[in-house]
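I have placed the structure first, in the form of structure tokens, so that the comments after it can refer back to it.
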Amino acid sequence: MHAARPLFLVVSMLSGLASAVPVVQVPEGGRPVEVIPKGVICGPVRGGWTLGADGRSLQPPAKADDGDRVMELTVAESPGRCAESEATVMVIATGPLPRIDAAATTFYPDDGRVELRGTNLLNVAIAWAGTPRGEAPRGPPEGQDVCLTPSTGKGPVDCAVPVAQGLPTDAVLFWIPPHGRRGPDVTTYDANGNVVDAEAMRLRPGRVILTQPLVLSNGVDVSKGPGSVSVSHSEAIASAECGLARCEVGDGVVYVRNVPGVDATISLRLRLTPRVLFARGDALEQTVSATLPVLACPLTAVEGTVLRGAEDSALVVRLDPICAHDSRTLIWTVNNQRARVERVLKTAEGTHVLLRTGGTPDQQVTITALTSRHEGTVVASETAKTTPLPVPRAVLELPGHGPIDFVPTNRPAEVHVASAAGLGRFVLHALPGAYGVTPKESTTLIQGEAAAGGFVALRFGYQLPTLPGELATADLALVDERVQRLVREASVPARVDTLFEFVCADKDGKDVSLAPSRPHRLSYEMRNTCRVIVHRERLMPEEGNQEVHLRVSVTRPDGSTRGESGVDQRMFLRPKGDERVIPVPGNLGQYDRILVQVSHVADEARYALATTDRTGLPSAQWTATIQGGLFRLYATAAIPAGLYRATVPTGQLAINFGVLSRLALLNNEGQERLLGIELGLMGLGLVPQSGDIQFPPTVAVVTGLGLRVPIGPGAAVGANAWVAYEFRGDIKRRTGGDPNLDPVVPSSNWSFIFGPSISVGNVGFNL
């Protein structure tokens, strides 16, 4: 800086402190001027100043020294009151007033200088008023500086005066006479003694040249509101054009509206106001052009949420945290179709927006966010590939009974859904009028409504559990199962031992419920008290209708069936029905065995049967035996095929037949034991023998022991050992014509015989 510049600035600051004192400044060598309108100037004056005869006017010196240019004088109403007056006036002898060629003057606001052209420029000061760019105003933004080194030569000269850097192009500039001042209390006269109007001292440069970039932004930022481009001198812009978009000039910014898309670029063309030029190298231009990319909100479609082939589907997008737009006020479109904002969730990663759409069959979609329907500025856009909607695959299962292929109305069934391909999952939804859904711990239960019937397809919501917060439970799409299931009652095979009861009276006549799968013995007197009770009232609604088979059979001790006592019924049981009693018919006998069997009818159309275990259908069986005597006395026909006569003469008795009475000990089942006492009448030797000894056919009374093994009803095989008394003639011998042999063989009518036999018949009674 020039050595005199600091001194000038200090003098200017000191003069500001005395701004309340009236100041009159006149060019040196000028004519006398009236300093005060009335009163007198109290002398003396010095430094070449001359006081006029009227006592109110002064003539500046022809050539003033720097130390005598400024003089403060006391003024009073009259000369006699000068001693007591405190009022003062300041006079300044300025240098010659400059002649400035405004058309040739250039203002460089970015560089902070004014290039003057004219005469008498030495020590001419330039004052300015205006807020430098980028600074907040702190009171009246004013300043001034002086021309210290004008160029040399004849005629007009040039001089560069520094000003505050970054002033606006329309900053207010004034020139100040050499060594003079500026202020509301300052009156300036020209050399002819005429008052110089303050507006005449206003400097209006012929050119304002911008040397720094006018466009300060690297792109059109639409992420925080309307698109905007920062500019350095918005006051110098007369008009702005943005191609397809619409531009408006604001304070320090150019607003860009109706941006067609985030992938577009904006061709910005700024036309400057008159007298303002932009320096591009050595060329000066009236227009400034720039091609700027659109700086939009970063937008990402969340993976797995953009579905294909789903009606009324939703997708989730994420806006970067730098985006300042309210997601609910934006206009969202998917493939140019309006989308509805359903949920908004802000996280540290950004703002997640759930958009409900009408679905799309396309391979990819373009998601766009606009500021408004009328303005139409695209603030975010993303193109994403679509994912085909997975197909739900569900299995219904009754706990403990295996999978089923229908929706039960009388009890809940568990729903197991195969995991969807990718990141998503299927969640079963209730369908009013068809079925309801109840979440339970780690599973889901489904139950058809009681009045529902027909077929229904299960409805599922497709969700993405990796989404944050409440979005993880939002349905991205609703999809129906491709198969339909029958809605009906589920019949689960109930325990028949709880539905059926076998009751008989004991020896005291008191009813006793017999336990299944255990043998029971009944008093003979109470043999006709047995009955089967069907407890339909015990059947629960959740077990459904039951179809069972009841069999009651009675067998005699010999294994034959008592037909009149049999019951064979196929029964259909409904829940909460009435009790039913089925007596065991017929007149039962000793050691009759009652067998009651109840089993389910294995009908897959009715029952929910497990696919892995078909043998587990509940069944029950009761067994009871009628008590009887310890012994049995009966008659039977015996046919010993061959008996051996052990008494002399011994021999074989072929073809025998007779009737026996037998006394046998009975076991607990009424079956005779192997050994019994026998007594009867037997025909022996009915067929002649071919041996030497000829036993004549005879009838004998036999008694002894018999071993009997039953082979069928009333039939048995056995071995007998009898003592017999024979009613016969003589036993003869074949002599072969030998006269020495006696044909009669001496023998007793008593004999001991034994051998196998077959017996048929069992006519008798128990003892």
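The values are calculated or read from the model by the stated rules, or taken from the named source; none is laboratory data. In this text the structure is predicted, and so the values were computed from the model without any measurement. For neighbour counting, all protein chains shown are included, and Cβ atoms are generated from backbone atoms with ideal geometry for every residue, glycine included. Please note that ligands, DNA and RNA were not included when accessible areas were found on the heavy atoms of the full protein model with its side chains. Shrake-Rupley method; radii C 1.70, N 1.55, O 1.52, S 1.80 Å.
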- Task: Go through Leu674, Leu653 for me and flag whichever is in a strand (DSSP E or B), open to solvent by 40 Å² or more (accessible area, probe 1.4 Å) and more than 30 Å from Met526 (Cβ to Cβ).
- Result: Leu674
- Item | Search result, residues across the stretch 598-607 that are open to solvent by less than 10 Å² (accessible area, probe 1.4 Å) and either at pLDDT 85 or above or assigned to a loop (DSSP other than H, G, I, E, B) (or both) | Val598
- Condition check for Leu167: open to solvent by less than 40 Å² (accessible area, probe 1.4 Å), at pLDDT 90 or above and under 60 Å from the mean Cα position of the chain (by Cα): yes
- State the number of residues belonging to the stretch 94-118 that are touching a His at 6+ places or on another chain (Cβ under 7 Å) and surrounded by fewer than 17 Cβ atoms within 10 Å (Cβ to Cβ). 0
- Can you name the number of the only condition in (1) modelled with pLDDT of 90 or more; (2) farther than 20 Å from Pro710 by Cα; (3) open to solvent by 40 Å² or more (accessible area, probe 1.4 Å); (4) not β-branched (Val, Ile, Thr) that Trp622 fails? (3)
- What are the residues in the stretch 52-84 that are among the basic types (Lys, Arg) and under 23 Å from Arg31 (Cβ atoms), if any? Arg56, Lys63, Arg69
- Message: Thr211 - would you say it is open to solvent by 60 Å² or more (accessible area, probe 1.4 Å), under 19 Å from Arg113 (Cβ atoms) and not small (Gly, Ala, Ser)?
- Response: no
- Scanning the stretch 122-133 for residues that are modelled with pLDDT under 90 and part of a loop (DSSP other than H, G, I, E, B) gives Gly130, Thr131, Pro132, Arg133
- Query: Hey, does the stretch 301-312 have a residue that's at pLDDT below 90, of a type in the set (A, V, I, L, M, F, W, C) and open to solvent by 50 Å² or more (accessible area, probe 1.4 Å)?
  - Reply: no
- Message: Take residues that are within 26 Å of the chain's Cα centre (by Cα) and closer than 16 Å to Ala477 by Cα and tell me which of the strands (runs of 3 or more DSSP E) falling wholly in the stretch 277-343 contain 2 or more.
- Response: 314-319
- Message: Six or more apart or on different chains, Cβ atoms under 6 Å: show the pairs whose first residue is in the stretch 529-551 and of a type outside the set (S, T, N, Q) and whose second is open to solvent by 10 Å² or more (accessible area, probe 1.4 Å) and part of a helix (DSSP H, G or I).
- Response: Arg538/Thr498
- Restricting attention to the stretch 264-287, does a residue exist that is at pLDDT below 85, of a type in the set (Gly, Ala, Ser), open to solvent by less than 60 Å² (accessible area, probe 1.4 Å) and closer than 21 Å to Thr351 by Cβ? no
- Kindly indicate whether Gly509 is closer than 29 Å to Ile404 by Cα, surrounded by fewer than 15 Cβ atoms within 10 Å (Cβ to Cβ) and out of contact with any Pro (no Cβ under 8 Å at 6 or more places or on another chain). no
- Any hit, the stretch 344-358, residues being at negative phi, of a type in the set (D, E, K, R) and open to solvent by less than 50 Å² (accessible area, probe 1.4 Å): yes
- Item | Residues that are in a strand (DSSP E or B) and either over 20 Å from Ala104 (Cα atoms) or among the hydroxyl-bearing types (Ser, Thr, Tyr) (or both), drawn from the stretch 167-213 | Val186, Thr187, Thr188, Tyr189, Val195
- Considering Ile731, Ile693, which residue is surrounded by 18 or more Cβ atoms within 10 Å (Cβ to Cβ) and at pLDDT below 85? Ile731
- Query: So which strands (runs of 3 or more DSSP E) are wholly in the stretch 487-583 and hold at least 2 residues that are of a type in the set (A, V, I, L, M)?
  - Reply: 500-505, 511-514, 531-535, 546-555, 567-573, 579-583
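The rows are residues; the columns are (1) closer than 30 Å to Val253 by Cα; (2) at pLDDT 90 or above.
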| residue | (1), (2) |
| --- | --- |
| Pro22 | no, yes |
| Ala53 | no, no |
| Pro61 | no, yes |
| Thr88 | no, yes |
| Val114 | yes, yes |
| Thr119 | no, yes |
- Message: For the stretch 232-276: of the residues being under 28 Å from Phe107 (Cα atoms), among the charged types (D, E, K, R) and part of a strand (DSSP E or B), which is farthest from the chain's Cα centre (by Cα)?
- Response: Arg271
- Would you mind telling me which numbered condition in (1) open to solvent by less than 70 Å² (accessible area, probe 1.4 Å); (2) touching a residue at least 60 places away in the same chain (Cβ under 8 Å) Leu595 fails? (2)
- Message: Between Ile753, Ile758, which is open to solvent by 80 Å² or more (accessible area, probe 1.4 Å) and not in a loop (DSSP other than H, G, I, E, B)?
- Response: Ile758
- Collect the residues in the stretch 381-410 that are in a loop (DSSP other than H, G, I, E, B) and either open to solvent by less than 50 Å² (accessible area, probe 1.4 Å) or on the phi > 0 side of the Ramachandran plot (or both), keeping them in residue-number order. Thr386, Leu389, Pro390, Pro392, Gly400, His401, Thr409, Asn410
